[in-house]
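All remarks here apply to the structure that follows.
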């Protein structure tokens, strides 16, 4: 509570002729506030001698007005993969609607993961959005033990029953991709799979195996880590082991870009010699040739996960604990 005679935010808003919410946004960074309103609030703050006291507000409400986005990936991966850029943009847009601050935590396994958990345990944020979860990070269990409200972008590979999450039906999406290659007449369809310690990698592999009809033992599979370099290397290994390959489903568009490079180096024309389908639709139209792909709507996934978290922070249990979106396929020249 403000001391007697201490100017309040309501007084600042009244003097500036704006709403309390606009005054708050103007004081806390100016997000979505016109220049005229910013100037009016600034003048009111100076006139009244108003001083924000976030520490006192946090103590009184036990709220920090901030949400962590936890990404258990190396720094270079986060800043080079368009999936993360699209995700962070969507999360920040939703948080800005509520005047909440995004705090980015890169939690690589090991010492950095422990530091991240200590940060979350010490009450620096009101909740967490987890992106790109791996089996080894145990984040679903850790956050559940902390009692910190959270939501996952992508189904957790372990602990999914205890947290909110939003994902695309990756099994169905992989089936769409593989079915398209079979409809084209491809008979030797390979798969560059994602990491086996992530739900997306497992689910897309499962869908490919089911649609290819080859069974786990007869599937033509090499694993990558969702990076371009790993896709190139995995495709080169597939070609060396299976020179009669005529179709290729790749579990991410970044890996598919690398695979296209490996095919070109081997003298294989796309789609005449080998038809290729990717997954994500993030920059796929800029590949050469443009990439047929399954849409993984990163922005929508992140927005829905953020709203699930905000519902829980508000004490609302109206929304579902998990959301699974149906996949769609975008046809381009590569298949």
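With a cut-off of 19 Å on the backbone N, the residues of segment 195-231 near the modelled label site 7 Å out from residue 135 along Cα-Cβ are 195-210, 216-217, 221-227. Size descriptors for segment 170-295, from the alpha-carbon set: Rg then Dmax equal 12.4, 35 Å. If the chain linking residue 161 and residue 197 were pulled fully straight, counting 0.36 nm for each residue of separation and taking away their Cα-Cα distance, it would gain 11.2 nm. Relative to the longest principal axis of the Cα atoms of the chain, the long axis of helix 253-265 makes an angle of roughly 30 degrees. Each of 212, 136 was scored by other Cβ atoms within 10 Å of its Cβ. Arranged with the fewest first, they read 136, 212.
Using the Cβ-Cβ distance between residue 35 and residue 119 with R0 set to 35 Å, the FRET efficiency works out to roughly 0.45. Result for the chain in a Gaussian network model with C-alpha springs under 10 Å: among 268, 93, 36, the largest mean-square fluctuation is at 36. With contacts taken as Cα pairs under 8 Å and at least 6 residues apart, segment 8-49 reaches a relative contact order of 41 percent. Given their separation in residues at 0.36 nm each and the Cα-Cα distance between them, residue 229 and residue 206 gain 6.0 nm when the chain is fully extended. On the basis of the beta-carbon distance and an R0 of 45 Å, residue 187 and residue 104 show a calculated FRET efficiency of 0.45. Per the Debye formula on identical point scatterers at the alpha carbon atoms of the chain, with no solvent, log10 I(q)/I(0) at q = 0.06, 0.10, 0.11, 0.15 Å⁻¹ is -0.28, -0.66, -0.76, -1.13. Working note: 222 nm ellipticity from helices only, DSSP H runs with n ≥ 4, each -39,500 (n - 2.57), summed and divided by the residues of the chain, gives -14000 deg cm²/dmol to the nearest 500.
The angle separating the long axis of helix 111-121 from the principal Cα axis of greatest extent in the chain is about 40 degrees. Between 98, 307, 108, the residue with the greatest mean-square fluctuation in the GNM of the chain (Cα pairs under 10 Å linked by springs) is 98.
Among 200, 321, 39, whose mean-square fluctuation peaks in a Gaussian network model of the chain (Cα, cutoff 10 Å)? Of 200, 321, 39, the Gaussian network model singles out 39 as fluctuating most. Each Cα pair under 8 Å and six or more residues apart adds its separation to the average, and for the chain the resulting relative contact order is 15 percent.
Can you figure out the FRET efficiency of residue 146 with residue 20, using R₀ = 25 Å and their beta-carbon distance, to the nearest 0.05?
The computed FRET efficiency comes out at 0.20.
Put a dot 7 Å past the Cα of residue 97, heading toward its Cβ, do the same for residue 8, and the two dots end up 2.9 nm apart.
Extension gain, residue 266 to residue 76, is 65.5 nm, computed as 0.36 nm per intervening residue step minus the present C-alpha separation.
So in the chain, what percent of DSSP beta bridges are antiparallel if you round to the nearest 5?
5 percent
Restricting to bridges with both residues inside segment 203-335, how much of the DSSP beta-bridge set is antiparallel, in percent to the nearest 5? List each step's numbers first, then the result.
On the way: 2 of 9 bridges.
Percent antiparallel among DSSP bridges in segment 203-335 is about 20.
Taking the 0 to 90 degree range and rounding to the nearest ten, how far is the long axis of helix 199-212 tilted relative to the main principal axis of the chain, both from C-alpha atoms? The two axes meet at around 30 degrees. A crude spin-label estimate for the pair residue 179 and residue 286, with each label 7 Å from Cα along the Cβ direction, gives 3.1 nm. Here 208, 119, 50, 279 are placed in order of increasing Cβ neighbour count within 10 Å, fewest first, which gives 119, 50, 208, 279.
We did not get these values from a lab; they are worked out from the coordinates using the rules stated. Keep in mind that what you see is a predicted model, and the values were worked out from it rather than measured. So basically every Cβ, Gly included, is an ideal-geometry build from the backbone, and we count neighbours across all protein chains shown.
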